[in-house]
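Q: Can you read through this structure? Questions will come right after.
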Amino acid sequence: MEKILSLMRMDNKSVKGFTLLELLIVIVIIGIMGSLVTLSMRSGTQRDQQRQEAERIMALFTLASQEAMVRGMPMALECNRHGYRFLNLGDAGWRAETDDTVFRERTLPAQVSLSLVLDKEPLALAAATLASSQPDPQIVFTPDGDMGLFQITLNLQDSEETFTVGNTAKDGLTMTAHSTAQP
């Protein structure tokens, strides 16, 4: 009985718990993962797939930015014309993320392609990323939440509509739809 009473009088310093910040981060991550699951379950037209890919990129960028803050280590993105992969910074430099299913390498549907503009300069993207190639980060998510200016445009083959995910100094991370069709 004495032991039970002494355990009940434990010093508050030895009782551990979660901070409000840790709980908020977990809630945000669960919300983003839930939206990714919802996006992956949808099906529809090619335009819907194009929009879903843009929404997925937007959600993953938000999550990668938060993940860099939580880890205290930068994360990066490497794009090619038909997909993208997230990178982690290690002792030997950038390496492709292989352990995390959320940040896994992604290939776009066959009819969707990417184009990338960094600091208002178009960047030529490779047709595909070779697994053996040295990672070449184009967008870096820093622990302080800073991200360079960029625009990733998702183009649909034989379509005049595009979706652009970008980071601007004025608006931050945004997604917009554009159509070049003449009325």
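The values are calculated or read from the model by the stated rules, or taken from the named source; none is laboratory data. All values derive from a computational prediction rather than experimental measurement. Virtual Cβ from ideal backbone geometry, glycine too; neighbours counted across all protein chains shown.
Q: Test each condition in (1) within 15 Å of Glu78 (Cα to Cα); (2) exposed (fewer than 12 other Cβ atoms within 10 Å of the Cβ) for Gly145 and report the one that comes out false.
A: Result: Gly145 passes all but (1).
Residues are listed down the side, and each one gets a yes or a no for (1) touching a residue at least 40 places away in the same chain (Cβ under 8 Å); (2) farther than 24 Å from Val117 by Cα:
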| site | (1), (2) |
| --- | --- |
| Val28 | no, yes |
| Phe61 | yes, no |
| Gln66 | yes, no |
| Gly72 | yes, yes |
| His82 | yes, no |
| Arg95 | yes, no |
| Thr101 | no, yes |
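Q: Let me ask something else. Condition (residue is assigned to a loop (DSSP other than H, G, I, E, B) and more than 20 Å from the chain's Cα centre (by Cα)) applied to segment 139-157: is it met by at least one residue?
A: Scanning segment 139-157, I find at least one residue that is assigned to a loop (DSSP other than H, G, I, E, B) and more than 20 Å from the chain's Cα centre (by Cα), so the answer is yes.
For every residue, the table says whether it meets (1) closer than 23 Å to Val140 by Cα; (2) surrounded by 14 or more Cβ atoms within 10 Å (Cβ to Cβ); (3) at pLDDT 85 or above.
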residue	(1), (2), (3)
Lys16	no, no, no
Leu23	no, no, no
Leu36	yes, yes, no
Gln46	no, yes, no
Gln49	no, yes, no
Glu55	yes, yes, yes
Ala59	yes, yes, yes
Thr62	yes, yes, yes
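Q: Still on this model: Taking Lys120 as meeting all but one of (1) closer than 27 Å to Met33 by Cβ; (2) surrounded by fewer than 12 Cβ atoms within 10 Å (Cβ to Cβ); (3) in contact (Cβ under 8 Å) with a residue 24 or more places away in the chain; (4) among the charged types (D, E, K, R), write down the number of the exception.
A: Among (1) closer than 27 Å to Met33 by Cβ; (2) surrounded by fewer than 12 Cβ atoms within 10 Å (Cβ to Cβ); (3) in contact (Cβ under 8 Å) with a residue 24 or more places away in the chain; (4) among the charged types (D, E, K, R), the lone unmet condition for Lys120 is (1).
Q: Give segment 76-116 a look and list any residue that's assigned to a strand (DSSP E or B) and over 26 Å from Thr162 (Cβ atoms), or say none.
A: Passing the criteria: Asn88, Leu89, Gly90, Gly93, Trp94, Arg95, Ala96.
Q: So how many residues does segment 110-122 have that are aliphatic (A, V, I, L, M) and at pLDDT 90 or above?
A: 4
Q: Is it true that some residue in segment 123-140 is in contact (Cβ under 8 Å) with a residue 24 or more places away in the chain and under 26 Å from Ile30 (Cα atoms)?
A: Yes, there is a match, as at least one residue in segment 123-140 is in contact (Cβ under 8 Å) with a residue 24 or more places away in the chain and under 26 Å from Ile30 (Cα atoms).
Q: Return the residues of segment 81-96 that are crowded, with 20+ Cβ neighbours inside 10 Å and either over 12 Å from the mean Cα position of the chain (by Cα) or modelled with pLDDT under 90 (or both); say none if nothing qualifies.
A: Matches in segment 81-96: Asn88 only.
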